[in-house]
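The values are calculated or read from the model by the stated rules, or taken from the named source; none is laboratory data. As the structure is a prediction and not an experimental result, all values here were calculated from the model. Every residue, glycine among them, receives a Cβ derived from its backbone with ideal geometry; neighbour counts consider all protein chains shown. All accessible areas refer to the heavy atoms of the entire protein, side chains included, with ligands and DNA or RNA removed. Shrake-Rupley method; radii C 1.70, N 1.55, O 1.52, S 1.80 Å.
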Amino acid sequence: MPSSGSAGLPGFIQSLRGRWRGALLRFAASFALLALLWLALAPLYAHLLATVARPFIPILEATSGSRYRVDGSTIVAARRIPLPEKQEVVTIQRTLWDGAADYNVALLTALLLATPGWSWRQRGRAVGWGLGLLVLTQLAFLAVNAEYTQLWPIPTKYGPLRPPGFSRAKAVLFDWLYAFFEFMGRGFFALLLYWGRLALTWGVGGQGTAISAVGRNDPCPCGSGLKAKRCCGA
Amino acid sequence: MQSTRSRGHLRRLLQQHREGVRFCLRFSAYTIVAFLVLYALDDQVVVPFTRRIAWLTHRLLRAAGVQAWVSGASVGIPGFAVEIKNNCNAIYEIGLYAAAVFAYPAPMRERLAGFLLGAIALYVVNLLRVVSLLALGRYWPGGFQAAHLYVWQALFLAVVAILWLGWTTRVHPVA
């Protein structure tokens, strides 16, 4: 099977024409399997994210004594906030990351595994790089969420109080940032990384080598209905 | 010496993947622009768009003989109702699809046609999503959350990816 990576994106696209059914089936099977696997892996993944985030607590958190704990597949920030005027300390908990309905890892891995024409080594490298970058985006979301949830009013028995360090500009900025990461976190980062990975196969061969990605017995990409070896590839 | 060599290697790599890097940069920039525009025009664009989906779902169900009702972005059938929110209105997914289509180096006419056809397809798939979720909530409430948060969301993104890949097989890339 020729490698699509050696013929650029147009080559990959052309080869997809002849193999899209298999690719679709592989994607569906891998995604279903990975989604089931995710039920077991999500708590471990949450531990991984929390472990990486913990050293940054002094930077991320405005009050000392805050800690991040993992509850199932959820990362929760437990914050102790002193109320100087009331001479007391309130403890509040905010969810920073919930892995239960996170399908980014399953989606990206399934797409990379289903992509036709790549060797297993290429797939492995793509999955490694893709997941590494995905972890970075999720850490960025966690950091934004840590700041965002600190801007929420603090519930006390005296009524909601304004959090320390609150400013209108900060609230607007983090509202937008949170919305952006929330929107991208719905699998959009996974798609962005996948299409980015596909696009990196560009330029290696370019348009002129599109035919080389199509097997001799595959349908010719020109749409004639003939085998490539009997048509343009002859 | 080492850093000069690695800089040269990086330059060669960028040169080799020039088209791909350009696509990635454009795609990322367009995605951010799509998000900024949609988020800024939430009241003017997103909310009416969402209400229109609820209204259309209601009309579809009525046409099929189902006793459906609609109120703002909420649509219901006897025994179950849903409120269509940002996650279920497909507008951000259409924005992402548009970013990918317009970032691809194809003639503008083909890009416009690809965007319009893809947006229509995504809109129709989204209507199916809402109708199926209503039916699921009515007849199998236990499966609603998983189908809503996990299955349909991921499936919808897979449809976005497939539409884009399908479109790219039909256009003529330009250098």
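Summary table
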item	result
When residues of region B:137-156 are limited to those that are more than 7 Å from chain A (Cβ to nearest Cβ) and among the hydrophobic types (A, V, I, L, M, F, W, C), the one surrounded by the fewest Cβ atoms within 10 Å (Cβ to Cβ)	B:W140
Matching option when the condition is modelled with pLDDT under 90 and within 22 Å of the chain's Cα centre (by Cα), among A:A46, A:A29, A:A35	A:A35
Selected residue [of a type outside the set (D, E), more than 19 Å from B:G95 (Cβ to Cβ) and within 27 Å of the chain's Cα centre (by Cα)] from B:V37, B:V75	B:V75
Test: B:V159 is of a type in the set (V, I, T) and open to solvent by less than 20 Å² (accessible area, probe 1.4 Å)	no
Residue that is farthest from the chain's Cα centre (by Cα), among those in region B:11-34 that are within 16 Å of A:T201 (Cα to Cα) and loosely packed, with under 14 Cβ neighbours inside 10 Å	B:R12
Flag if A:L151 is of a type outside the set (D, E, K, R), in contact with a Lys or Arg (Cβ under 7 Å, 6 or more places away or on another chain) and part of a helix (DSSP H, G or I)	no
Some residue of region B:120-129 being under 30 Å from B:G65 (Cβ atoms), small (G, A, S), open to solvent by 40 Å² or more (accessible area, probe 1.4 Å) and away from chain A (no Cβ under 13 Å)	no
Members of region A:154-177 found to be of a type in the set (G, A, S) and without any contact (Cβ under 8 Å) to a residue 40 or more places away in the chain, listed by number	A:G159, A:S167, A:A169, A:A171
Of residues in region A:77-104 being surrounded by 19 or more Cβ atoms within 10 Å (Cβ to Cβ) and under 20 Å from the mean Cα position of the chain (by Cα), the one farthest from A:F188 (Cα to Cα)	A:L96
Which numbered condition A:T201 misses (of (1) in a helix (DSSP H, G or I); (2) crowded, with 21+ Cβ neighbours inside 10 Å)	(1)
Flag for B:T4 being at pLDDT below 90 and among the β-branched types (V, I, T)	yes
Condition check for B:L134: under 30 Å from B:R26 (Cα atoms) and either surrounded by fewer than 20 Cβ atoms within 10 Å (Cβ to Cβ) or modelled with pLDDT under 95 (or both)	no
Selection from region A:100-143 of residues that are within 11 Å of chain B (Cβ to nearest Cβ) and charged (D, E, K, R)	A:D102
Leading residue by the ranking (farthest from the chain's Cα centre (by Cα)) among those in region B:95-115 that are within 12 Å of chain A (Cβ to nearest Cβ) and modelled with pLDDT of 90 or more	B:A103
Listing of helices (runs of 4 or more DSSP H) fully contained in region B:90-175 that carry 3 or more residues being aromatic (F, W, Y), touching a residue at least 40 places away in the same chain (Cβ under 8 Å) and on the phi < 0 side of the Ramachandran plot	B:91-103, B:152-168
From the options A:L142, A:L113, residue that is at negative phi, in contact with a strand residue (DSSP E or B) (Cβ under 6 Å, 6 or more places away or on another chain) and crowded, with 17+ Cβ neighbours inside 10 Å	A:L142
